[in-house]
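Notes to accompany the following structure.
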Amino acid sequence: MSKSMNVVRETERKYEAADAAELPDPAGLLGLDAGAGAEQQQLEAVYFDTSDLRLLRAGVTLRRRVGGSDEGWHLKLPAGGDSRDEHRLPLAGHDPVDPPAELASLVRVHSRGAALAPVAQLNTTRRRWLMSDSHGHEVVELVEDQVSAHTMGAETTTVSWREVEVELAEHGQAELLDRIEAQLLTVGVHRSKSKSKLGRLLADRLPAEPKKKSKVKPGSAGAVVLDYLRAQAEQIRAQDPLVRRDAPDAVHQLRVAARRMRSALQAYSEVIDGDATRGLTDELKWVGGELSAARDTEVIEERLVDAINGLPDELVMGPVAAQVTRTLQRRRAEGQEVAVAALDSDRYLALHDQIDALLSDPPLTPRAKRRADRELPKQMGVVWRRLAKRVLAAEALDAGAERDIALHETRKAGKRLRYAGEVAEPAVGEPAVRLQLHAKAVHKLLGDHQDSVVARPVIRELAGQAHLDGGNGFTFGILHGLEADRADRAERELPEAWSQLSRPENTKWLKS
């Protein structure tokens, strides 16, 4: 992320105010202090989007604004509820007619590489009150806007309106928004139908949703699976800009969403035609693999640093933690470059086109029309039996590389069962929740085992490098032993966890 980029979480609500509506006096509103009164501002903003408004359809806005205390380039991304993350870059140093590359990259998953051009200009006369509580802490910002806006392009439209915005300040709590909203409702000011000024201006230019009869009814197996797939698609797209910013845990979350989607498609391949979605599952596997280096290195570094910090001082010979951090952070940075390169690729954009095609016209089988609470357990039964076979096969092997591989495959099968349970939960309820709980315990042990398998070669490599640098490899030997012990402990605890998962009360609802 650019050093000049500032990211601010804003939580606000917009309201429609008729010209005749008389707003409550901000001075003394809910006992708050309006300070010196209203600050007057003149704002001019040009908004950018694709020709078919892909950003706006995704709840995203990109603008160049002049005027106000925060003038600059602003990209707003949804952050759940009334919140959005605003990414800001200064006006200086950036072309006034082309969005900065740093911001354009953050919306690539929505624009799909299409050109971003001006679509509207908004001129706003603003009155702004910054409200403080009895302790002098700024808790909310209240603004009244008189907006004059016109569309840009072949056909232009000019409109004007009055609106009110209420935004939490640094020390504000969400309940304050509800209390102020109650006051606004008493004078005829109502919540806006649009979350942005641009959305209000261009509402009639948004492509209409195709009017076609749904292929599935609510409560059917197809409907439940599609709801889950839709949620994972949204999560992948929400995490995309966070991965590009190298935000904490973003690579992990995007990778998990891709795995969940892939697992759902595989587990319920007799509901959503598996042959028709095989290409998509292959691409989801690909993107997960491209993210693996960054994520795996992150896990190993955290694991080793925690282990070093837990050792007595007399067992830490030399700058071991520094060597671990230096080496693995370099590899983590290399992995991050690979991840972003994947997200920048045409192949990744094609993956999203495939996801869109799946959700808009899903290849449903006849089973998709059946009741979800009856059909999904049948499909989960297949996943369960495959996992049981994996467990038995792994248990039959002697300790060594072959058994490690078998346990890793068992882990992946367990993860598929767990995710299949997530899909079925809305239809099945408590039995699916209970199964997920026990499947998670098995998955955690197998995950700890696999992390140890991956970490030990890295420890040996670090020890060898320490020796070549004239250092002492003693502590790395201890770390290697600790990792071997963690793997052994996971294997010792696995039979009991598997026994709990396999109890009839946890699996009897899984049908043949």
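Please enumerate the residues belonging to region 36-46 that are open to solvent by 60 Å² or more (accessible area, probe 1.4 Å) and at pLDDT below 90. So that I can check it myself, show each step before the final result.
First, pick out the residues of region 36-46 that are open to solvent by 60 Å² or more (accessible area, probe 1.4 Å): 36, 39-40, 42, 44.
Within region 36-46, just Ala36 meets the criteria.
Taking the options Ile459, Ile405, name whichever one is of a type in the set (Val, Ile, Thr) and open to solvent by less than 10 Å² (accessible area, probe 1.4 Å).
Details: Ile405 fails: open to solvent by less than 10 Å² (accessible area, probe 1.4 Å).
After applying the criteria, what remains is Ile459.
Filtering region 489-512 down to residues that are of a type in the set (A, V, I, L, M, F, W, C) and more than 22 Å from Glu430 (Cα to Cα), which residue is most open to solvent (accessible area, probe 1.4 Å)? Show your work before the answer.
Within region 489-512, the subset of a type in the set (A, V, I, L, M, F, W, C) is 490, 494, 497-498, 501, 509-510.
Remaining after also requiring more than 22 Å from Glu430 (Cα to Cα): 490, 494.
Working: Ala490: 6, Leu494: 28 Å².
Applying the filter and picking the extreme gives Leu494.
Matching residues to (1) modelled with pLDDT under 95; (2) on the phi > 0 side of the Ramachandran plot; (3) out of contact with any helix residue (DSSP H, G or I) (no Cβ under 7 Å at 6 or more places or on another chain):
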site	(1), (2), (3)
Thr157	yes, no, yes
Arg179	yes, no, no
Gly188	yes, yes, yes
Ser194	yes, no, no
Ala203	yes, no, yes
Lys211	yes, no, yes
Lys217	yes, no, no
Val224	no, no, no
Gln235	no, no, no
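Taking the criterion of being farther than 18 Å from Asp145 by Cα, part of a strand (DSSP E or B) and either open to solvent by less than 20 Å² (accessible area, probe 1.4 Å) or modelled with pLDDT of 90 or more (or both), would at least one residue in region 8-25 satisfy it?
Going residue by residue through region 8-25, those that are farther than 18 Å from Asp145 by Cα are 8-9.
In the following step, the residues that additionally are part of a strand (DSSP E or B) were identified as 8-9.
When the remaining residues are screened for being either open to solvent by less than 20 Å² (accessible area, probe 1.4 Å) or modelled with pLDDT of 90 or more (or both), the result is 8-9.
Yes: region 8-25 contains one or more residues that are farther than 18 Å from Asp145 by Cα, part of a strand (DSSP E or B) and either open to solvent by less than 20 Å² (accessible area, probe 1.4 Å) or modelled with pLDDT of 90 or more (or both).
Return the residues of region 312-328 that are surrounded by 15 or more Cβ atoms within 10 Å (Cβ to Cβ) and not in a helix (DSSP H, G or I); say none if nothing qualifies. Lay out the reasoning, then the answer.
Step one: filter region 312-328 for residues surrounded by 15 or more Cβ atoms within 10 Å (Cβ to Cβ), giving 316-318, 320-321, 323-325, 327-328.
If the condition is that a residue be surrounded by 15 or more Cβ atoms within 10 Å (Cβ to Cβ) and not in a helix (DSSP H, G or I), then Val316, Met317, Gly318 are the ones that fit.
What's the total number of residues in region 433-445 that are open to solvent by 10 Å² or more (accessible area, probe 1.4 Å) and within 19 Å of Ile405 (Cα to Cα)? Step through it out loud before you land on a result.
So the first thing to find is which residues in region 433-445 are open to solvent by 10 Å² or more (accessible area, probe 1.4 Å), and the list is 433-434, 436-438, 440-441, 443-445.
Okay, now just the ones that are also within 19 Å of Ile405 (Cα to Cα), so 443-445.
Total meeting the criteria: 3.
Restricting to region 172-194, and then to whatever is surrounded by 14 or more Cβ atoms within 10 Å (Cβ to Cβ) and either within 26 Å of the chain's Cα centre (by Cα) or among the acidic types (Asp, Glu) (or both), can you tell me which residue is nearest to Pro24 (Cα to Cα)?
Glu181
Restricting region 329-381 to residues that are among the hydroxyl-bearing types (Ser, Thr, Tyr) and over 23 Å from Gly289 (Cα atoms), which is least open to solvent (accessible area, probe 1.4 Å)? Give the derivation first.
Initial filter on region 329-381 (among the hydroxyl-bearing types (Ser, Thr, Tyr)): 345, 348, 360, 365.
Next, only the ones that are over 23 Å from Gly289 (Cα atoms) stay: 360, 365.
Values: Ser360: 68, Thr365: 28 Å².
Among residues in region 329-381 that are among the hydroxyl-bearing types (Ser, Thr, Tyr) and over 23 Å from Gly289 (Cα atoms), the one least open to solvent (accessible area, probe 1.4 Å) is Thr365.
Val216 versus (1) more than 16 Å from Asp82 (Cβ to Cβ); (2) surrounded by fewer than 17 Cβ atoms within 10 Å (Cβ to Cβ): which is the lone unmet condition?
Of everything listed in (1) more than 16 Å from Asp82 (Cβ to Cβ); (2) surrounded by fewer than 17 Cβ atoms within 10 Å (Cβ to Cβ), Val216 misses just condition (2).
In this structure, does Arg54 turn out to be charged (D, E, K, R), surrounded by 15 or more Cβ atoms within 10 Å (Cβ to Cβ) and under 19 Å from Glu138 (Cβ atoms)?
On the way: charged (D, E, K, R): yes; surrounded by 15 or more Cβ atoms within 10 Å (Cβ to Cβ): yes; under 19 Å from Glu138 (Cβ atoms): no.
No: the conditions fail for Arg54.
With more than 20 Å from Asp204 (Cα to Cα) and part of a helix (DSSP H, G or I) as the only criterion, which of Ala92, Ala104 stands out? I'd like the intermediate steps shown before the answer.
Values: Ala92 fails: part of a helix (DSSP H, G or I).
Matching residue, one of Ala92, Ala104: Ala104.
The values are calculated or read from the model by the stated rules, or taken from the named source; none is laboratory data. Note that the coordinates shown come from a computational prediction; the quantities given were computed from them, not determined experimentally. Using ideal geometry, Cβ is built from the backbone for each residue, glycine included, and neighbour counts are taken over all protein chains shown. Just the protein is used for accessible areas: all its heavy atoms, side chains included, with ligands, DNA and RNA removed. Shrake-Rupley method; radii C 1.70, N 1.55, O 1.52, S 1.80 Å.
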